[in-house]
1. Run lengths n ≥ 4 of DSSP H only: what is the helix-derived mean residue ellipticity at 222 nm for the chain, with -39500 (n - 2.57) per run over all residues, to the nearest 500?
2. Please go through the range 88-172 and write out the GluC sites (Glu not before Pro) that DSSP classes as loop and that have at most 12 other C-beta atoms within 10 Å.
3. Set the Förster radius R0 to 22 Å, insert the Cβ-Cβ distance between GLN65 and GLN26 as r into 1/(1 + (r/R0)^6), and round the FRET efficiency to 0.05.
4. Hey, what angle do you get for helix 115-131 against the long axis of the chain, alpha-carbon based, 0 to 90 degrees rounded to 10?
5. Only Lys, Arg, Asp and Glu count, each charged at its Cβ (+1, +1, -1, -1), so figure out the dipole size of the range 1-85 about its Cα centre, rounded to 20 debye.
6. Please list 3J(HN,Hα) in residue order for the range 75-85, calculated via the Karplus relation 6.51 cos²θ - 1.76 cosθ + 1.60 where θ = phi - 60°; whole Hz, with x for glycine and proline.
7. How many percent of the accessible area of the range 45-189 is carbon or sulfur, using a 1.4 Å probe?
8. Pairs of Cα atoms under 8 Å, at least six residues apart: use those to get the relative contact order of the chain, whole percent.
Amino acid sequence: GGFLPSERDLMQRFGVGRPAVREALQALAGMGIIQIQHGERARLTSMGPSTVLEQVDRTVRHLLQTSPETREHLREARLMFETGMVRLAARNATPAQVEQLRDALAAQEASAGHPARFVAADMAFHKTIAGMAGNPIYTAVSQAMLQWVFEMFPRLLRVPGTESLTLREHREVLEAITARDEEGAVRAL
């Protein structure tokens, strides 16, 4: 959130001209390290896993829109990732985390019949599972993958019976995690 020195200060400090400073600032902005707003000094951004993933988001979306092969790779990667997440959740979940997952499922059940809310609740359910690992990178990757999947495969949500199937599967995942049954959680997923 802090500000960088002015362009003039940076020019003097590093003994370079304005074009070099501006090029460097643009490179830092492109990496998501700083934000540049016209008329203000550059500001440091808060860095974290989700910030980093936001930087690659547009590129991934472009790849997914232009390459059927990439979409298939995403589906495969999501399955492998989610399998690992439910396994870790079944192994490590605290009672409080299980209760959070139960609440996430209840919110999803309450949103049945409202596609946009149902998708948001579905994503929250999976994000809760990823959060059980205690690794913020998993949570950020889970969120990004799910956004890409739901944007690239919207027909998954329009198939009759999809909501009830999803809710049944999520109940099975919750039961397996609650029972600390890693293999059961993977099967349910």
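The values are calculated or read from the model by the stated rules, or taken from the named source; none is laboratory data. What you see is a predicted model; the values in this text were computed from it and never measured. Quick reminder, even Gly has a Cβ in these numbers, built from the backbone with ideal geometry, and neighbours come from all protein chains shown. Accessible surface areas use protein heavy atoms only, side chains included; no ligands, DNA or RNA. Shrake-Rupley method; radii C 1.70, N 1.55, O 1.52, S 1.80 Å.
1. One gets -24000 deg cm²/dmol as the mean residue ellipticity at 222 nm.
2. Qualifying residues, ordered by number: none.
3. Computed FRET efficiency for GLN65 and GLN26: 0.25.
4. 80
5. That gives the range 1-85 a dipole magnitude of about 320 debye.
6. 3J(HN,Hα) across the range 75-85, in whole Hz: 4, 5, 5, 5, 4, 5, 5, 5, 4, x, 5.
7. 56
8. Over the chain, the number comes to 22 percent.
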